[in-house]
Amino acid sequence: MHLTEQIKNYTPYNEQEARDQMQMLQYMSHTSDYLTRENPIAHFSASVWTLNQSYTKTLMVYHNIFNSWSWVGGHADGEPDLCAVALRELQEETGIKQASLLKPDIFSLETLTVNGHIKRGVYVPCHLHFNITYLAVADESAPLRIKPDENQNVSWLTFSDALTLPTEPWMIDVIYTKLIQKCKYLS
């Protein structure tokens with residue numbers, strides 16, 4: 001199914017998702033390069049909210065650019081299969097080789113602001129990430145590894161720690177809280 005149809009078919013969890021869904025669809029109807037970073041205003045990214053097998057912890061990285069604990073994700077870079085992007089990022093950023101999707105559909109969506117920053121010696125201006133999040137489960141005892149050019153640490157965090165250790169209030173209050181609330185319905 002095409003990304004536009006996946007987003008249209010998604011049932012928003014709350015007002016944030018409903019408004020972001022409308023924003024994504026409107027943007028997609030007005031531009032064709034929404035899957036690449038060549039679009040400096042807004043482009044799609046994919047994240048994966050990864051749970052341990054008992055659904056009590058989530059896998060997070062200490063992200064270099066955001067200088068904060070963060071979920072795992074990355075740019076679509078032209079790839080329309082955002083689920084594949086999310087799972088690839090999980091392996092690249094954490095070393096987790098085996099993860100299973102708890103469902104193949106979109107778990108969450110959000111429009112994220114990205115502040116201007118330096119990446120590989122080049123200034124990247126402020127822009128938006130139209131982010132699609134997938135839900136996966138992985139073995140908490142599997143070996144983890146840091147990806148030094150992107151993160152400084154990788155760790156399984158309790159949900160409580162996932163709401164106190166990050167330093168980005170909006171991500172905590174709006175995104176991580178929502179993801180954790182949605183996980184309560186998994187058991």
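The values are calculated or read from the model by the stated rules, or taken from the named source; none is laboratory data. Because the structure is predicted, anything quoted here is derived from the model rather than measured. No Cβ is skipped: glycine too gets one built from the backbone with ideal geometry, and neighbour counts run over all protein chains shown.
Miscellaneous remarks
- Strands (runs of 3 or more DSSP E) contained in the range 99-161 and holding at least 2 residues under 13 Å from Asn52 (Cα atoms) and of a type in the set (A, V, I, L, M, F, W, C): 99-101, 127-138, 151-158
- Number of the exception - Leu59 against (1) aliphatic (A, V, I, L, M); (2) without any contact (Cβ under 8 Å) to a residue 12 or more places away in the chain; (3) closer than 27 Å to Ala138 by Cβ: (2)
- Among (1) crowded, with 16+ Cβ neighbours inside 10 Å; (2) of a type in the set (S, T, N, Q); (3) free of Cβ contacts under 8 Å to residues at least 60 places away in the same chain - the single one Asn52 does not satisfy: (3)
- From the options Thr31, Thr11, residue that is exposed (fewer than 15 other Cβ atoms within 10 Å of the Cβ), closer than 30 Å to Gly121 by Cα and polar (S, T, N, Q): Thr31
- Hits in the range 19-35 (condition: touching a residue at least 40 places away in the same chain (Cβ under 8 Å) and not in a helix (DSSP H, G or I)): Tyr34, Leu35
- Counting the residues of the range 173-187 that are more than 11 Å from Ser70 (Cβ to Cβ), of a type outside the set (D, E, K, R) and either in a helix (DSSP H, G or I) or under 14 Å from the mean Cα position of the chain (by Cα) (or both) gives 6.
- Inside the range 86-112, residues that are free of Cβ contacts under 8 Å to residues at least 40 places away in the same chain and of a type outside the set (D, E, K, R) make up a count of 4.
- Unmet criterion (only one of (1) buried (at least 23 other Cβ atoms within 10 Å of the Cβ); (2) touching a residue at least 40 places away in the same chain (Cβ under 8 Å); (3) under 26 Å from Leu186 (Cβ atoms)) for Ala76: (3)
- Checked against (1) in contact (Cβ under 8 Å) with a residue 40 or more places away in the chain; (2) surrounded by fewer than 20 Cβ atoms within 10 Å (Cβ to Cβ), Glu38 passes all but condition (1).
- Qualifying positions in the range 151-168 - touching a strand residue (DSSP E or B) at 6+ places or on another chain (Cβ under 6 Å) and of a type in the set (Ser, Thr, Tyr): Thr158, Thr167
- So Gln16, is it of a type outside the set (Lys, Arg), at pLDDT 95 or above, part of a helix (DSSP H, G or I) and under 17 Å from the mean Cα position of the chain (by Cα): yes
- Count of the range 55-75 residues which are in a loop (DSSP other than H, G, I, E, B) and at pLDDT 95 or above: 3
- Residues that are surrounded by fewer than 17 Cβ atoms within 10 Å (Cβ to Cβ) and more than 15 Å from Ile96 (Cα to Cα), drawn from the range 130-149: Pro148, Asp149
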